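The values are calculated or read from the model by the stated rules, or taken from the named source; none is laboratory data. Because the structure is predicted, anything quoted here is derived from the model rather than measured. Neighbour counts run over all protein chains shown; Cβ positions are idealised from the backbone, glycine included.
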């Protein structure tokens, strides 16, 4: 599915390795937009398709398309044993 969008949209994606192998891809700003791929390359392809389908369903439902994640970022923090 190819969307006819008027401007570039940027979304943060979290790729999580799975114990059984492969990668789950989650899009935090699109609740429920989750997919999986056996390799990171496939997971990246799958998440692009998932985002397009998600936004496509929003368009069909007449919902406002999110602006994307242009002003947010994802980072990591380490919790030391002292804080646990």
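Below, the figures for the structure above:
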quantity	calculated
Failed criterion for residue 44 (all others in (1) in contact with a strand residue (DSSP E or B) (Cβ under 9 Å, 6 or more places away or on another chain); (2) outside any helix (DSSP H, G or I) hold)	(2)
Residue in segment 36-58 that is touching a helix residue (DSSP H, G or I) at 6+ places or on another chain (Cβ under 9 Å) and surrounded by 15 or more Cβ atoms within 10 Å (Cβ to Cβ) present	yes
Segment 48-74, residues that are touching a strand residue (DSSP E or B) at 6+ places or on another chain (Cβ under 7 Å) and farther than 13 Å from residue 10 by Cβ	50
Residue within segment 59-77 that is surrounded by 10 or more Cβ atoms within 10 Å (Cβ to Cβ), in a helix (DSSP H, G or I) and either on the phi > 0 side of the Ramachandran plot or modelled with pLDDT under 95 (or both) present	yes
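A quick yes/no check of all residues on (1) more than 14 Å from the chain's Cα centre (by Cα); (2) free of Cβ contacts under 8 Å to residues at least 60 places away in the same chain:
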{"residue": "12", "(1), (2)": "no, no"}
{"residue": "18", "(1), (2)": "yes, yes"}
{"residue": "30", "(1), (2)": "no, yes"}
{"residue": "33", "(1), (2)": "no, yes"}
{"residue": "39", "(1), (2)": "yes, yes"}
{"residue": "42", "(1), (2)": "no, yes"}
{"residue": "50", "(1), (2)": "no, yes"}
{"residue": "59", "(1), (2)": "yes, yes"}
{"residue": "76", "(1), (2)": "yes, yes"}
